[in-house]
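Rule-based calculations on the coordinates, nothing more; no lab input. Note that the coordinates shown come from a computational prediction; the quantities given were computed from them, not determined experimentally. Here the Cβ is made from the backbone with ideal geometry for all residues, glycine too, and neighbour counts use every protein chain on show.
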Amino acid sequence: MSAALAPSRSFICLRHGATDWNRQGRFQGRTDNPLNDDGIAQAHAAAEKLRTIALGHVVSSPLRRAVQTAEIIAGIASKTVALEHGLIELDFGSFEGKPVRELMIRHGKDSAQGLVDMLPADSERWADVASRALASVNQWLERHPQDEVLFVCHDAVMQSMAQTLTGKFFKNGHGRPFRFTRSEDAWSVVEVG
């Protein structure tokens, strides 16, 4: 991992609540779907988990599902939501809207790394997702060195950052906050609450 990519300190990330496409197992990427009822409930549950943390800023991907999740949390925390384009989901190109499981079977893949390896040529490059997301996180942390910043984004964004910082993927879920923790030069990803 490039030292330039690593944030200076720990931070909290949250995957948006679920949408209908998530429930249908489709590649969603940049398709701007809203939360479904489950997703709204997940956002409220996340806000409850985060209630004891003094959030200084709530920063969101500009996609509607992330913004809706962030707005629910920010409302409970009495904060406003700042939009950050660097947190937008990976552009899956020609995979957008297609069934994830079906394509993984067709390509003979059965892991998160396998999914990354099979991305189509017209998708965003995996390494570029981590670079842009970590650059955005870094900027926010540097501008607000004393504040707890919550980043509301997407699974591929969080997984790309985790892989870059820790060398591995983690079990993520909708509306589940995770702290990306820096301890000297080692990183870990641990669920909050």
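A simple spin-label model places the labels of MET118 and PHE170 2.6 nm from each other, with each point 7 Å out along Cα-to-Cβ. Identify all lysines with a Cα-Cα distance to LYS109 below 26 Å; exclude those on the same chain that are fewer than 8 residues away in sequence. Here the lysines satisfying the reach criterion relative to LYS109 are LYS98, LYS168, LYS171. Ranking of MET161, MET118 by neighbouring Cβ atoms within 10 Å, starting from the fewest: MET118, MET161.
A dipole drawn for region 89-164 from +1 and -1 charges on Cβ atoms has a positive end, and of CYS153, SER131, LEU119 the residue lying farthest that way is LEU119. Of HIS85, HIS154, the sequence from fewest to most neighbouring Cβ atoms within 10 angstrom is HIS85, HIS154. Taken over region 42-89, the alpha-carbon convex hull comes to 68 cubic angstrom per residue.
The relative contact order of the chain, computed from alpha carbon pairs under 8 Å that lie at least 6 residues apart in sequence, is 34 percent. Computed over Cα pairs, the Kirkwood radius of region 7-77 leads via Stokes-Einstein (0.890 mPa s, 25 °C) to a diffusion coefficient of 193 µm² per second. With each label modelled as a point 7 angstrom along the Cα→C-beta vector, the ALA41-ASP128 pair spans 3.8 nm. Here's how it looks for LEU83: its modeled amide H is under 5 Å from those of SER60, which are all 5 or more places away or on a different chain. Each Lys or Arg adds one and each Asp or Glu takes one away; over the other residues whose Cβ falls under 15 Å from the Cβ of ASN22, this sums to +2.
By the beta-carbon count within 10 Å of each Cβ, the least crowded to most crowded order of SER160, SER123, SER60, SER10, fewest first, is SER10, SER123, SER160, SER60.
Charge dipole (Cα centre; +1 on Lys/Arg Cβ, -1 on Asp/Glu Cβ; no other charges) of region 11-191 amounts to roughly 280 debye. About its Cα centre, the dipole of region 89-128 is roughly 240 debye, where the only charges are +1 on Lys and Arg Cβ and -1 on Asp and Glu Cβ. Here the extension length gained between ASP185 and ASP110 equals 23.9 nm, from 0.36 nm per residue of separation less the Cα-Cα distance. Between amide H atoms placed 1.01 Å from N, distances below 5 Å from GLY97 occur with PHE27, GLN28, all of them 5 or more places distant or on a separate chain.
Looking at region 11-191, the DSSP beta bridges with both ends there are about 50 percent antiparallel.
A Cα-only calculation for the chain places Rg and Dmax at 15.8, 48 Å.
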